[in-house]
Each structure stands twice: as C-alpha cells, then as structure tokens.
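Derivation of every value follows stated rules applied to the coordinates shown; laboratory data play no part. Just so we're clear, the structure is a prediction, and the values are computed from it rather than from any experiment. Quick reminder, even Gly has a Cβ in these numbers, built from the backbone with ideal geometry, and neighbours come from all protein chains shown.
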Amino acid sequence: MKATKKIAVVILLITMVFSLAACGGNSQPGGEGEPQGQQESKMRVAMVFSGPVNDNSWNGSGYAGLKKIEEGLGVEIAFSDQVPVPEFEEAFRDYASKGYDLIIGHGGEFSDAAAAVAEEFPEVHFSVVNGNKNAANLSTFEVCDEEVAFLAGVAAGLTTQSNIVSGIGGMEIPPTYRSLEGFKSGVLYVNPEAQVLHTYTGNFEDAAKAKEAALAHLEKGADVVFYYLNAASPGVIQAAQEKNAKAIATITDQYEQAPETILTSALSDLSQLVYLIGEKFQAGELKGESYAIGVAYEEIAGLAPFRGQVPEEVEAKVAEIKQDLIAGKIQVLPQ
C-alpha cells in the first residue's frame with residue numbers, strides 16, 4: 001500500500017512539472033504572433049540627449065515624448081541628457097547591453113553613433129530623430145522642418161516693415177539648414193523684394209552667442225527674427241525685446257516667454273513624434289526606414305496661433321498657402 005502511494009505521488013509530481021512547462025511555453029518572449037517589442041516582461045525604452053531636457057525647446061519636447069511613451073504605452077523608460085559627443089556610442093552601448101528594447105537618439109548628431117552600435121546589437125532597435133542612416137534595426141524620423149519654416153517665412157514676409165528679416169541657427173546640420181532655407185523660401189514666396197539675413201552660431205545652447213547674432217541682424221535693419229535653437233533661444237528673444245522687433249520660435253510654442261515679442265512659433269511637436277516611434281515599435285510596425293512628417297500631420301507640424309499678432313488677411317493667406325503646400329503645389333527647397 002505504501003509503495004502504491006509513493007508511485008501515485010511521483011506520478012502527480014511529474015504531471016505538475018509538465019503542466020507548468022506547458023503554461024510557461026505559451027508565454028515565452030518572442031512567441032509566434034507577438035508584435036515586435038511586446039514580451040512577457042515590460043518593454044524598455046531609453047533616450048539619449050546632447051542637451052538638457054529642461055531647455056523648453058528641442059530636448060524638453062523630446063523628453064516629454066518619452067514620458068508620453070511611459071504613460072501611454074506602459075513601458076519602462078530611462079534617459080541620459082547633456083551627453084558629450086565622445087560619449088555618444090558609450091551611452092547607446094550601455095543601454096543596449098542592459099537589455100533595452102528601443103533606444104532613441106534625439107538629434108541628427110547621433111546618426112553615426114547609433115549606426116555603429118546597431119551593428120553590435122541586432123536584436124535592439126535604434127531610432128534617431130533627424131537621423132540620416134538606416135539599417136535593419138535603425139530607423140530615422142524627422143519633421144519636415146522646411147515646410148513649417150516656410151509658413152513661418154510667409155508670415156514674416158507679409159508682416160515685416162523694414163523688408164529685412166533674420167534667420168539664426170545653431171549648428172549647420174541638415175535640420176537647421178532646411179529650417180533656415182525653408183524660412184527664406186517662404187519669405188521670398190510672398191515678398192520677393194525682402195532681404196533675408198542668416199547666421200549659424202555653431203551652438204544650440206549658448207544664449208550669449210545667439211543674442212549677439214540676433215543683435216547684429218537687428219542693427220542691420222531686420223525687424224523679424226526666426227531662430228532654430230535649443231537652450232540658446234532666450235538670447236534671441238532678449239535681443240528682439242531690446243530692439244522692439246518680433247521673433248518667431250521653433251520646435252515649441254514659446255509665446256508665454258514673451259507674449260509681446262513672439263509672432264508665432266514653427267511647431268515640431270517632437271513629443272508626439274517620439275511617442276509615434278514608441279507606438280510603432282510596440283505594434284511591431286517599426287522598420288529600418290526613414291519616416292518624414294510634414295504639415296499635413298497637424299498634430300505634429302504646423303504654426304502656433306498668431307493670437308492677434310498679425311492682421312486677419314495675413315492669417316488667411318498663410319492658411320491658403322498651407323493648403324497649396326499640402327497639395328504639392330509648392331516646392332519649398334530646390335531639388
């Protein structure tokens with residue numbers, strides 16, 4: 001009888017082991033039919049920034065997108081900001097080695113580092129905002145800054161009194177170049193006689209340099225200053241305030257910083273763009289491709305409200321030209 005009981009216990013234990021193994025088999029990460037990025041453990045997303053995430057501009061907007069990913073998609077997040085250029089690869093490699101599923105570099109300056117590390121970690125997906133390199137596990141996302149800047153240029157060209165306007169950028173990298181050229185194109189589209197000054201300060205964060213560049217243009221007669229900067233933005237605003245000129249911000253709506261000075265802002269809602277990256281990854285739809293987002297995507301790209309800063313006819317003209325832009329009737333930059 002005792003032997004029979006022992007055999008029964010052994011059989012029961014073996015049955016339990018196989019039952020547990022069967023349950024576990026259906027929940028293994030990467031099972032058939034599971035979307036990319038969705039595993040039994042919580043998805044992990046990291047972002048790397050070259051500037052401070054509290055700059056109320058480029059980096060701050062990207063960080064807001066990371067927080068949206070955390071809250072909206074229920075994932076674990078991490079970030080590193082103010083990362084110097086020599087440490088870009090190290091930052092990506094560190095997150096990849098720690099098992100993060102998606103690593104986002106916030107800026108075209110991360111393109112080379114992301115491409116190098118992506119080769120080492122083929123199971124991790126890398127994405128670079130405004131990047132210029134792709135691989136099977138490396139995607140790029142960009143707002144068509146030139147389209148938004150073109151509309152800002154239209155507004156500037158229709159409101160300038162001196163017929164001289166200014167464009168100021170940080171580093172001369174593709175998104176900055178496209179923005180300044182798009183702005184110039186918009187100005188000349190509605191005001192061919194206008195003069196468009198432009199300067200690259202070489203730094204997105206140095207407010208003193210930005211103010212110096214803006215003052216130089218204002219002293220030459222410019223009365224509207226368009227700027228594509230990060231933490232350096234207040235320098236341009238201060239210069240415009242001192243010279244009683246108007247300023248057009250980029251990336252975020254900066255009206256609250258200087259309600260009497262900010263004419264409008266050329267918005268690139270990077271928080272929504274970054275969220276889109278996370279959303280596509282979680283859904284298994286993120287490929288090693290380049291994704292371009294223009295003014296047809298109103299939730300991401302467009303002008304902030306004018307708030308009475310321009311006449312109604314100017315608002316109407318900007319809206320009309322926007323529709324022509326969406327319809328493909330306007331070529332913003334030369335081919």
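Summary of computed values
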{"read-out": "Amide H contacts under 5 Å for residue 303, placed H, 5+ residues apart", "value": "267"}
{"read-out": "Of 209/280; 68/184; 246/287; 42/287; 243/317; 133/243, pairs whose Cα-Cα distance is over 31 Å", "value": "209/280; 68/184; 246/287; 133/243"}
{"read-out": "Extension gain from residue 244 to residue 87, taking 0.36 nm per residue of separation minus the Cα-Cα distance", "value": "52.4 nm"}
{"read-out": "Label-point separation, residue 292 to residue 260 (7 Å along Cα→Cβ), nm", "value": "4.2 nm"}
{"read-out": "Approximate shape of the chain as ellipsoid semi-axes (Cα gyration tensor, √5λ), whole Å, largest first", "value": "50, 19, 16"}
{"read-out": "Ranked list, fewest to most other Cβ atoms within 10 Å of each Cβ, for 178, 44", "value": "44, 178"}
{"read-out": "Fewest-first ranking of 198, 125, using other Cβ atoms within 10 Å as the exposure measure", "value": "198, 125"}
{"read-out": "Cα gyration tensor shape for the stretch 59-121, rounded if a/c is under 1.5, else prolate or oblate", "value": "oblate"}
{"read-out": "Amide proton proximity set for residue 291, modelled H, under 5 Å, gap of 5+", "value": "140, 141, 142"}
{"read-out": "Mean Cβ neighbour count within 10 Å, used as a protection proxy, ranking 128-137, 48-57 highest first", "value": "48-57, 128-137"}
{"read-out": "Note, ³J(HN,Hα) from phi for the stretch 71-77, Karplus 6.51, -1.76, 1.60, rounded to Hz, x at Gly and Pro", "value": "7, x, 10, x, 10, 8, 10"}
{"read-out": "Backbone HN-Hα couplings from phi across the stretch 44-58 [Karplus 6.51/-1.76/1.60, Hz, Gly and Pro as x]", "value": "10, 10, 10, 10, 10, 10, 8, x, x, 7, 9, 7, 6, 8, 3"}
{"read-out": "Extension gain, residue 329 back to residue 98 (0.36 nm per residue minus Cα-Cα distance, nm)", "value": "78.3 nm"}
{"read-out": "Taking 100, 291 and counting other C-beta atoms within 10 Å, the order from fewest to most", "value": "291, 100"}
{"read-out": "10 Å binning of all Cα-Cα separations within the stretch 115-241, expressed as whole percents from 0 upward", "value": "14, 36, 27, 13, 7, 1"}
{"read-out": "Amide H within-cut-off set for residue 81, under 5 Å, with H built and near neighbours excluded", "value": "49"}
